[in-house]
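The structure appears right after this line, and notes come after that.
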Amino acid sequence: EVFQLVFAFSLGLASVLTPCVLPIIPSYLAYLFGRERFEMIKGGVTIFAGILSGGLALGVTIGLLGEVAGTRWFYLAAAVMLLAIMVLKRANRIRQAGFASRLGNRKGAATAFLFGALIIFIASPCILPLLSIVAIISLTVEGMLSRVALLTAYSAGLGIPFILIGAFSNMSGRLRRLVATEAASRIELLIMALTLAWLISAFALS
């Protein structure tokens with residue numbers, strides 16, 4: 001179970017460290033709170049709290065749906081869904097997240113918290129591939145608490161970079177150059193391919 005939590009946390013972190021999301025964070029934090037470091041840290045913490053709240057709600061929802069998982073046909077349906085996401089990604093249907101445009105011109109802590117709580121929907125084209133893997137895995141484990149814990153771990157990985165970028169905004173340029181390479185995209189594709197292989201084998205052996 002510890003490995004599953006670490007894996008979910010890692011996928012949350014990887015969901016942010018993509019060319020689709022990471023380059024937007026510093027400018028959006030500055031848009032909401034200004035460029036003073038303390039204010040940007042406060043903004044990052046507020047967004048992090050919102051992300052955890054949204055992740056908890058999603059975890060409870062998925063936990064309630066857990067009874068449908070674990071069957072042979074669940075693995076097949078999950079494999080088909082994941083394959084469709086992979087095809088869309090390779091077809092360059094993943095678009096850059098337009099954070100500010102989704103919440104209008106509002107600024108401040110309330111908007112930051114709401115953005116965090118709704119980030120799964122706001123940035124869905126970008127984080128859907130890895131989020132779907134966490135959701136699928138959580139549906140295969142037993143117990144409501146275990147499912148909620150996995151989604152919370154994913155949310156923590158998704159939220160921590162907002163705090164770090166708020167605190168060290170001067171390093172955001174280096175991070176942007178790092179994720180601009182093809183390596184991040186290839187790693188994401190590899191994770192999806194391995195998960196797809198696991199789902200197909202689980203369908204065949206169940």
Original post:
Out of all the residues in region 48-100, which are of a type outside the set (A, V, I, L, M), at pLDDT 85 or above and farther than 25 Å from Leu196 by Cβ?
Top reply: Phe48, Gly50, Ser53, Gly54
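Restricting to region 1-57, count the residues that are of a type in the set (D, E, K, R), part of a loop (DSSP other than H, G, I, E, B) and either over 26 Å from Asn105 (Cβ atoms) or in contact (Cβ under 8 Å) with a residue 24 or more places away in the chain (or both).
Start the filter on region 1-57 by keeping residues that are of a type in the set (D, E, K, R), which leaves 1, 35-37, 39, 42.
Okay, now just the ones that are also part of a loop (DSSP other than H, G, I, E, B), so 1, 35-36.
Checking the rest, the ones that are also either over 26 Å from Asn105 (Cβ atoms) or in contact (Cβ under 8 Å) with a residue 24 or more places away in the chain (or both) come to 1, 35.
Residues that pass the stated criteria total 2.
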Original post:
Looking at region 131-170, which of the residues that are of a type in the set (S, T, N, Q) and within 17 Å of Glu39 (Cα to Cα) is modelled with the lowest pLDDT?
Top reply: Asn170
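Test Leu32 against the criterion of being hydrophobic (A, V, I, L, M, F, W, C) and modelled with pLDDT under 80, and give yes or no. Even if it seems obvious, please write down each step before you answer.
Values: hydrophobic (A, V, I, L, M, F, W, C): yes; modelled with pLDDT under 80: no.
So Leu32 fails the test.
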**OP:** Hey, can you tell me all the residues within region 113-125 that are surrounded by fewer than 23 Cβ atoms within 10 Å (Cβ to Cβ) and under 9 Å from the mean Cα position of the chain (by Cα)?
**Re:** Ile120, Ser124
Subject >> Search result, residues across region 18-35 that are within 18 Å of the chain's Cα centre (by Cα) and either open to solvent by 60 Å² or more (accessible area, probe 1.4 Å) or of a type in the set (Ser, Thr, Tyr) (or both) >> reply: Thr18, Pro19, Tyr28
Subject >> Lone qualifier among Phe38, Phe7 - being surrounded by 15 or more Cβ atoms within 10 Å (Cβ to Cβ) and aromatic (Phe, Trp, Tyr) >> reply: Phe7
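The values are calculated or read from the model by the stated rules, or taken from the named source; none is laboratory data. For clarity, every value in this text was computed on a predicted model and none was experimentally measured. Because the Cβ atoms are built from the backbone with ideal geometry, glycine has one as well, and the counts that use them run over all protein chains shown. The protein model used for the area step is the full one, side chains on, heavy atoms only, and it has no ligands, DNA or RNA in it. Shrake-Rupley method; radii C 1.70, N 1.55, O 1.52, S 1.80 Å.
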